[in-house]
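First comes the structure, then the notes that go with it.
The values are calculated or read from the model by the stated rules, or taken from the named source; none is laboratory data. Model, not experiment: these values are computed from the prediction. Cβ atoms come from the backbone with ideal geometry, glycine included; neighbour counts cover every protein chain shown. These area figures cover heavy atoms from the full protein model, side chains too; ligands, DNA and RNA do not enter into them. Shrake-Rupley method; radii C 1.70, N 1.55, O 1.52, S 1.80 Å.
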Protein chains: 2
Amino acid sequence: MSDSQTIAATSVIAGADSEQPDVAAATAAAVEAFAAYRATSPAERGAFLEAVADEIEADKDAIIVEAVRESGLPEGRITGEVGRTTGQLRMFAGVVRSGDHLGVRIDPALPDRAPLPRADIRQRMVPLGPVAVFGASNFPLAFSTAGGDTASALAAGCPVVVKGHPAHPVTGTLVARAITRAVQASGLPAGVFSFVLGGIETGQELVVDPRITAVGFTGSRGGGLALVRAAAGREVPIPVYAEMSSINPVVVLPGALDGDVDALATAYVGSLTLGAGQFCTNPGLLFLPSGEQGDAFLRAAGRAVTDAAGQPMLTPGIAEAYASGTASLRGTEGIRVVGEGSAAGDHAPAPVVYEAPAELLALDDNTVTDEVFGASGVVVRYDDVADLLPRLEQLEGQLTATVHADPASSADAAAAAALLPVLELRAGRILFNGWPTGVEVGHAMVHGGPYPATSDSRTTSVGSLAIERFQRPVAYQDVPAALQPEAVRDDNPWGLRRRIDGDLE
Amino acid sequence: MSDSQTIAATSVIAGADSEQPDVAAATAAAVEAFAAYRATSPAERGAFLEAVADEIEADKDAIIVEAVRESGLPEGRITGEVGRTTGQLRMFAGVVRSGDHLGVRIDPALPDRAPLPRADIRQRMVPLGPVAVFGASNFPLAFSTAGGDTASALAAGCPVVVKGHPAHPVTGTLVARAITRAVQASGLPAGVFSFVLGGIETGQELVVDPRITAVGFTGSRGGGLALVRAAAGREVPIPVYAEMSSINPVVVLPGALDGDVDALATAYVGSLTLGAGQFCTNPGLLFLPSGEQGDAFLRAAGRAVTDAAGQPMLTPGIAEAYASGTASLRGTEGIRVVGEGSAAGDHAPAPVVYEAPAELLALDDNTVTDEVFGASGVVVRYDDVADLLPRLEQLEGQLTATVHADPASSADAAAAAALLPVLELRAGRILFNGWPTGVEVGHAMVHGGPYPATSDSRTTSVGSLAIERFQRPVAYQDVPAALQPEAVRDDNPWGLRRRIDGDLE
């Protein structure tokens, strides 16, 4: 997503100011809480994550009212996001209870091995330490105060300091209060979770604080890179997981146009305009075959987007950035408007689909490949499937890449087989015959991808693999049984699945 | 280890110059080879790793002669290193064949789920791309051309460009030729492996090459940080795994001195002087109880080190850095020499044990805590176990931390239990009643640790977990069965253990 504007903190809930610590106090409390929190058993930590979910549900009505008011998003969407947020916490509680995230490996001693005996070596993952999480503007719940980064860091055993997004301070404060109640009810130290509000300076202060050991961020490329740069100036480097920008290319293969072209085009525009287009996975670039069937798709997409009305964007700044991005596209020679919907007020601009010549995909031209956050899509035509590969190879890293193909067409199958290895190098998730908006919270999901989709492609910010971002391995060599951590003990008190001499139990 | 000197490339094997590509040619070849190499099956890639081991063994005699000549290390040590190198390659071949490193996760479709159906989502790890590996001075085989970084990157499916260490160019060239024969015999593209020689500029050129996707380095803090800084200037950031410096603290608890103090002190000096002290895991700092038993240990250590003779260091530059580091210790007020062995020539300086006052461990003083690469050890006394915790908490990140304790002493057990959580936050490996030199290549080993022991604590550079450093996850959503990668297909042609809906098959 793109939100490089500074958003002034607006009304803050009564009394919230006094309950918010400053960054230094929050990180100090996190350090103080770390020892006790990381020592929690899987059952205790799992129960705590579930308590967080319960407390958010207890305040659900008030949270929904405030989130709708602050974000402009419809109630149905916000209600769904609450369910996603609590569901994610409960799913991570299940992973924590299983202990799979501890990745235990045991290489038993071989006292008789020649020429040298082997020591007893046992490995488990330990949490990194206090984690800074930045709330996102476009998901006031699922990617904010109790969102994916917070849930995964807490699951890993890391205390969390959230910097709430200034576009929804009241929502953030309400969720923070719910988490704080769960911390108290679980008998954990207060510093396990802190919530601070503030602008860019507050965020920078948090990232350079020597007590912070990792950062999770979802936002604009500008904002993410600023955090990466700030972190690079630290004496001790830390992982920064910034999920930044993506135009999520979609390739329509010729066979896909043999079916119901109207339905396909309508689904495209539906994905493009969903939530005012304010998704990291919004399909910003679509490759469409030249020729009559492609023309028919484009006419249908034009009709669908013309029928679409603008929806309120998250902040005036985001709406202004959308206006500026679409104006730049419109003012570029060779780009034409395929269809444009209707604005619905100052901050609810019209969705629009453009057609752009393929030449604008040249490496040194960002006109078409820079993300315009919102319901703005660019269609590029191609004559031959063979022309696609070099164009896709030139694209920057992406969160997703989508292929539409006729499963029964051998030509499409051959083309898709050639595309797949290229798309794998460009994106974290590859979809067929679907649309990239809507990210399932599962075990197999990857919401990540090569730079600049993220600052660290080795992981995901959605799904249970996200927990592993906040851990590091420690080996215990010949540590006496009585002193071994439970996870690696012979009697396996937590009933973990462990790798013994390389083989899973 | 510490080797901040520039070492001029000495004699290079006849004909080697002409066979070495420049950096740009090597990285271009690596890119060209990537598609074919990453497409290899587990069986093919495993066989290739074994072929590398076989080819190194075929040239073993010549390699040993040259490595002994270039490194000054004894033949027994070098012979052991050859075995370690080939054993590591074969072990990684086993992991690759099992496919465990692919981390496959499958969340099957739930078409009837309400309110929304779930798509079919499948995840596997893919290799990052071409990897730059820097040969280490102190392990001409096991951490150099075909060493741990190369073996793990190749196992992950990444082509490798090695910059050989200028202290052993002939050894590196011989090993490179062996790898190249394995590449050819396996029918793989030549760019799967390249070997370049050169100085600091060549290394920098490699790290900033836009085609390089990750870096593995073992060496000095200065050298590692220079590479980290160079990489930070790239447009597209990449992981840099630099294993740098460590003083590997050892804590002797009072009970450990109830046994054979002479044997304990002799074992300490043995670990300190092994290989002229040129190990990343050399025990540079030892905490010893005050009082008579501690005095007895120190006298015994003094006798043992006085009896020890110097051994040739790897390069004149390393010997000079050792001389400068020990001179600095010796010239510091309050530090006294406990015992000093005998030099055995210009570049085989005397091993030495110092005693330093605890005050020198203050945060703003690096006299005692900066690594002196070589057989130089510092002993710090403590009055009470309670004094140890703040001293250990002040230490920088370490590769290892060791505790010597009497397993039968409840006082030692209580002290060790208090130390363990602190040591876990400081080190990648914790040992009891042993010495940190000697790093087992296993599944459970961690050779890593918090900064500045490494630039990235989330991983290890020794052991099979090292393979995961060079991968990233990709999710496949609703990809038709015929187009799915083998690893995630329903018929599981590679017989992998996979996580289905979060549970291992």
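Annotations
- A:V488 vs. criteria closer than 25 Å to A:V161 by Cα and either out of contact with any His (no Cβ under 7 Å at 6 or more places or on another chain) or more than 7 Å from chain B (Cβ to nearest Cβ) (or both): no
- Taking residues in the range B:491-505 that are away from every other protein chain (no Cβ under 11 Å) and buried (at least 16 other Cβ atoms within 10 Å of the Cβ), and partners anywhere that are of a type in the set (S, T, Y) and part of a loop (DSSP other than H, G, I, E, B), the pairs with Cβ atoms closer than 9 Å and at least 6 places apart or on different chains are B:W494/B:S41.
- Hits in the range B:424-446 (condition: touching a residue at least 24 places away in the same chain (Cβ under 8 Å), of a type in the set (A, V, I, L, M, F, W, C) and at the interface with another protein chain (Cβ under 9 Å from one of its Cβ atoms)): B:L425, B:A427, B:I430, B:L431, B:F432
- Among residues of the range B:466-484 that are of a type in the set (A, V, I, L, M, F, W, C), those with a Cβ under 8 angstrom from a residue that is part of a strand (DSSP E or B) and open to solvent by 20 Å² or more (accessible area, probe 1.4 Å), sequence gap 6+ or separate chain, pair up as B:V474/B:R124; B:V474/B:M125.
- Scanning the range A:75-105 for residues that are under 17 Å from the mean Cα position of the chain (by Cα) and at the interface with chain B (Cβ under 9 Å from one of its Cβ atoms), we see that the one that is surrounded by the fewest Cβ atoms within 10 Å (Cβ to Cβ) is A:G80.
- Those residues of the range B:49-63 which are surrounded by fewer than 20 Cβ atoms within 10 Å (Cβ to Cβ) and more than 15 Å from B:L154 (Cβ to Cβ), in sequence order: B:E57, B:A58, B:D59, B:K60, B:D61, B:A62
Let's see how each residue does on (1) in contact (Cβ under 8 Å) with a residue 12 or more places away in the chain; (2) aliphatic (A, V, I, L, M); (3) within 30 Å of B:P485 (Cβ to Cβ); (4) in contact with a Pro (Cβ under 8 Å, 6 or more places away or on another chain):
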| residue | (1), (2), (3), (4) |
| --- | --- |
| B:A30 | yes, yes, yes, yes |
| B:A33 | yes, yes, yes, yes |
| B:E44 | yes, no, yes, no |
| B:E57 | yes, no, no, no |
| B:I63 | yes, yes, no, no |
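- Of the residues making up the range B:429-446, those that are crowded, with 24+ Cβ neighbours inside 10 Å and either within 11 Å of the chain's Cα centre (by Cα) or basic (K, R) (or both) number 4.
- Of all residues in the range A:129-144, none satisfies being within 30 Å of B:W435 (Cα to Cα), open to solvent by 10 Å² or more (accessible area, probe 1.4 Å) and within 14 Å of chain B (Cβ to nearest Cβ).
- Of residues in the range A:447-458 being facing another protein chain (nearest Cβ under 7 Å) and within 16 Å of B:E468 (Cα to Cα), the one least open to solvent (accessible area, probe 1.4 Å): A:S457
- Subset tally (residues that are farther than 19 Å from B:A35 by Cβ and open to solvent by less than 10 Å² (accessible area, probe 1.4 Å)) for the range A:405-427: 1
- Among the residues of the range A:188-201, those that are surrounded by fewer than 20 Cβ atoms within 10 Å (Cβ to Cβ) and either closer than 24 Å to A:E396 by Cβ or at pLDDT 95 or above (or both) comprise A:P189, A:A190.
- Residue among A:A167, A:A151, A:A156 that is crowded, with 24+ Cβ neighbours inside 10 Å and within 15 Å of A:I56 (Cβ to Cβ): A:A151
- Check on A:S461, more than 7 Å from chain B (Cβ to nearest Cβ), under 28 Å from B:S457 (Cβ atoms), among the polar types (S, T, N, Q) and open to solvent by 10 Å² or more (accessible area, probe 1.4 Å): yes
- Qualifying residue in the range A:252-271 (condition: in contact (Cβ under 8 Å) with a residue 12 or more places away in the chain, under 16 Å from A:V160 (Cβ atoms) and either away from chain B (no Cβ under 14 Å) or of a type in the set (V, I, T) (or both)): no
- Residues that are modelled with pLDDT of 95 or more and open to solvent by 10 Å² or more (accessible area, probe 1.4 Å), drawn from the range A:256-270: A:A256, A:D258, A:D260, A:V261, A:D262, A:A263, A:L264, A:T266, A:A267, A:G270
- Looking at B:E292, B:E243, B:E235, B:E205, just one residue is at pLDDT below 95 and acidic (D, E), and that residue is B:E235.
- Per this entry, A:P159 is not counted among residues that are in contact with a Cys (Cβ under 7 Å, 6 or more places away or on another chain), within 14 Å of chain B (Cβ to nearest Cβ) and of a type outside the set (A, V, I, L, M, F, W, C).
- Every test in (1) open to solvent by 10 Å² or more (accessible area, probe 1.4 Å); (2) of a type in the set (S, T, Y); (3) within 24 Å of the chain's Cα centre (by Cα) is passed by B:T402 save one, and that test is (1).
- Test: A:A375 is open to solvent by 40 Å² or more (accessible area, probe 1.4 Å) and outside the structural domain of A:G222 (by TED's automatic domain parsing): no
- Any hit, the range A:17-29, residues being out of contact with any strand residue (DSSP E or B) (no Cβ under 9 Å at 6 or more places or on another chain) and either modelled with pLDDT under 95 or under 30 Å from A:A276 (Cβ atoms) (or both): yes
- The numbered conditions (1) surrounded by fewer than 22 Cβ atoms within 10 Å (Cβ to Cβ); (2) within 12 Å of another protein chain (Cβ to nearest Cβ); (3) under 23 Å from the mean Cα position of the chain (by Cα) are all true for A:G224 except (1).
- Among the numbered conditions (1) within 11 Å of chain A (Cβ to nearest Cβ); (2) in a helix (DSSP H, G or I), the only one that B:E235 does not meet is (2).
- Members of the range A:469-484 that are surrounded by fewer than 23 Cβ atoms within 10 Å (Cβ to Cβ) and more than 8 Å from chain B (Cβ to nearest Cβ): A:A481, A:Q484
- Filter result for B:R426 (basic (K, R) and either farther than 22 Å from A:P239 by Cβ or not assigned by TED's automatic domain parsing to the domain that holds B:G148 (or both)): yes
- Of the strands (runs of 3 or more DSSP E) lying entirely inside the range B:151-229, those containing at least 2 residues that are at negative phi and of a type in the set (V, I, T) span B:160-163, B:214-218.
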